[in-house]
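Some notes on the structure that comes next.
The values are calculated or read from the model by the stated rules, or taken from the named source; none is laboratory data. Note that the structure is a prediction, hence the values are computed from the model and not measured. FYI the Cβ positions are ideal-geometry reconstructions off the backbone, even for glycines, and counts take in every protein chain you see.
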Amino acid sequence: MTASQDARARRATDSAVAAVWRIESARIIAGTARIVRDVGVAEELAQDALVAALEQWPESGVPDNPGAWLTATARRRAIDLVRRKERYARKLAEIGHDLESRRPAGEAQLDAVLDDDIEDDLLRLVFTACHPVLSTPARVALTLRLLGGLTTDEIARAFLVPEPTVAQRIVRAKRTLAKAEVPFEQPQGPERAERLASVLEVIYLVFNEGYSATAGDDWMRPALCEDALRLARVLAGLMPKEPEVHGLAALLEIQASRAGARTGPDGAPVLLLEQNRRRWDQLLIRRGFAALARAQSQVAAGAPGPGPYALQAAIAACHARAWRAEDTDWAQIVRLYGALARVAPSPVVELNRAVAVAMAYGPEDALRIVDGLADEPALKDYHLLPSVRGDLLRRLGRAEEARAEFARAAELTRNAQERTLLQTRAESAPDGP
């Protein structure tokens, strides 16, 4: 083989390894963590397996089942580590198999039992990465690293923060989990609901950062939306009887369906009521409707709910069902926001309800709601408060006041595309309703 052929083969192998890692890393780490009971150590062992692949596959070729090869390599190293630390007997008791012998049959039995329980391992990893003992930024970073398969650099670029900052968050998160002796297990009883809420929050935050970037030059970061949507789908498969899991999946599917219509040819933002709905992805909408139906069926069968994610999904479904913006059932959306305010009250929900009230019943009632939110501390620097107020004032013919509100909103936002949009609205506010 010539040097150029060898270089091409190595590049092809590196590409294959990267692709397999992105798809299989969560399962590899989860299966390994069951043996070592430490997600930080499990990730290191999985990374060791990845290095072994990079060293061996260029010579031996990519295996027929590369994910299984990486998993088996990581597990063997985990077993060796447990043996070296003289805790092998206890670990054997935990997984219920006598593996003291190094005979291949014994290891084959271990592989079989681990493979049988891999979905449970993934769920344990989800709950561990999103444990409430961690700060929100740490939970987001660790989830994207362990479950999304993203590198530290990819996470840093996605959130526009320095790479060392993300690396530090991940390292501290692993140390915190180890210091707190967080067990690698699924929570049960009352703790389960709290822990699940933490998991759903992380996935939702990741999606929202991709859907409406809080800072930077881009209106959207599609890769983050895709990562969050994939995690939501995985979680729905792992927890099929949890209505809020299906509610979140439904919400993200329907929201993601609009991605192609949210920007114009020049990359400028296009607001919901101005979007070309023919560009909405009908496959994602159908997937969203199906997930919403699963959430509703679980509630009908006696599960608690509907919760905030299922209600937000129902609101998104109202928009998705309207082929034209003017066909939107705004009265139903007002009712759904009322229900959402009862189960998850917040000033942001009230602000969104005001928008729906304006569309259903006119801007006067909506302006009273918005003005009642003026002193809310949570909305002090929230750019959408003056933006919504500016739109209501514009519709009421109070042009000068509207311009001032749009200008204030433009000053508050940290997203360059949104700032341009708000400045344009400030400059072009008409003199009448």
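May I ask you to list the residues in segment 366-391 that are over 24 Å from Ser212 (Cβ atoms) and modelled with pLDDT under 95?
Asp375
Of all residues being over 20 Å from the mean Cα position of the chain (by Cα) and of a type in the set (Lys, Arg) in segment 8-38, which is surrounded by the most Cβ atoms within 10 Å (Cβ to Cβ)? Just the residue, please.
Ranking the candidates gives Arg34 first.
Would a scan of segment 414-424 turn up a residue that is surrounded by 13 or more Cβ atoms within 10 Å (Cβ to Cβ), over 34 Å from the mean Cα position of the chain (by Cα) and over 28 Å from Gly338 (Cβ atoms)?
no
Looking only at segment 126-144, which residues are out of contact with any Asp or Glu (no Cβ under 7 Å at 6 or more places or on another chain), closer than 17 Å to Leu235 by Cβ and assigned to a helix (DSSP H, G or I)?
Val126, Phe127, Thr128, Ala129, Arg139, Val140, Leu142, Thr143
Could you check how many residues of segment 18-35 are of a type in the set (A, V, I, L, M), in contact (Cβ under 8 Å) with a residue 40 or more places away in the chain and farther than 25 Å from Val182 by Cβ?
Qualifying residue count for the region: 2.
Look through Ala259, Ala339, Ala331, Ala344 and report the one residue that is among the small types (Gly, Ala, Ser) and crowded, with 18+ Cβ neighbours inside 10 Å. Give the steps one after another, and end with the answer.
Working: Ala339 fails: crowded, with 18+ Cβ neighbours inside 10 Å; Ala331 fails: crowded, with 18+ Cβ neighbours inside 10 Å; Ala344 fails: crowded, with 18+ Cβ neighbours inside 10 Å.
Checking each option against the conditions leaves just Ala259.
Which members of segment 34-66 meet the condition of being within 26 Å of Val126 (Cα to Cα) and not aliphatic (A, V, I, L, M)?
Matches in segment 34-66: Arg34, Arg37, Asp38, Gly40, Glu43, Glu44, Gln47, Asp48, Asn65, Pro66.
Being exposed (fewer than 14 other Cβ atoms within 10 Å of the Cβ), assigned to a helix (DSSP H, G or I) and in contact (Cβ under 8 Å) with a residue 24 or more places away in the chain is the filter here, so list the residues in segment 298-308 that pass it.
Selection gives nothing.
Just to be sure before I move on: is Tyr337 part of a helix (DSSP H, G or I), over 24 Å from Asp391 (Cβ atoms) and either touching a Ser or Thr at 6+ places or on another chain (Cβ under 7 Å) or not acidic (Asp, Glu) (or both) in the structure I sent?
Working: part of a helix (DSSP H, G or I): yes; over 24 Å from Asp391 (Cβ atoms): no; either touching a Ser or Thr at 6+ places or on another chain (Cβ under 7 Å) or not acidic (Asp, Glu) (or both): yes.
No, not satisfied.
Across segment 384-399, what is the total count of residues that are of a type in the set (D, E, K, R) and within 18 Å of Arg353 (Cα to Cα)? So that I can check it myself, show each step before the final result.
As a first pass, look at segment 384-399 and keep what is of a type in the set (D, E, K, R): 389, 391, 394-395, 398.
Retained after the next criterion (residues that are within 18 Å of Arg353 (Cα to Cα)): 389, 391, 395.
Here the count works out to 3.
Of the conditions (1) surrounded by fewer than 18 Cβ atoms within 10 Å (Cβ to Cβ); (2) within 25 Å of Gln168 (Cα to Cα); (3) touching a residue at least 40 places away in the same chain (Cβ under 8 Å), Glu43 fails just one. Which one is it?
(1)
Kindly indicate whether Ser15 is in contact with a Gly (Cβ under 6 Å, 6 or more places away or on another chain), part of a helix (DSSP H, G or I) and not acidic (Asp, Glu).
no
Among the residues that make up segment 276-286, is at least one of them buried (at least 19 other Cβ atoms within 10 Å of the Cβ) and assigned to a helix (DSSP H, G or I)?
yes
Checking the conditions here, which among Ala213, Ala256 is of a type in the set (A, V, I, L, M), modelled with pLDDT of 95 or more and over 19 Å from Pro306 (Cα atoms)?
When all the criteria are applied, what remains is Ala256.
Here is a check on your reading of the model: is Leu311 in contact with a Leu (Cβ under 9 Å, 6 or more places away or on another chain) and crowded, with 20+ Cβ neighbours inside 10 Å? Please lay out each step first, then the result.
On the way: in contact with a Leu (Cβ under 9 Å, 6 or more places away or on another chain): yes; crowded, with 20+ Cβ neighbours inside 10 Å: yes.
Criteria met by Leu311.
Quick one: what pairs do we get from segment 342-370, first residue within 9 Å of Leu392 (Cβ to Cβ), second buried (at least 16 other Cβ atoms within 10 Å of the Cβ) and among the charged types (D, E, K, R), C-beta under 7 Å, 6+ apart or different chains?
Qualifying pairs under 7 Å: Pro363/Arg395; Val370/Arg389.
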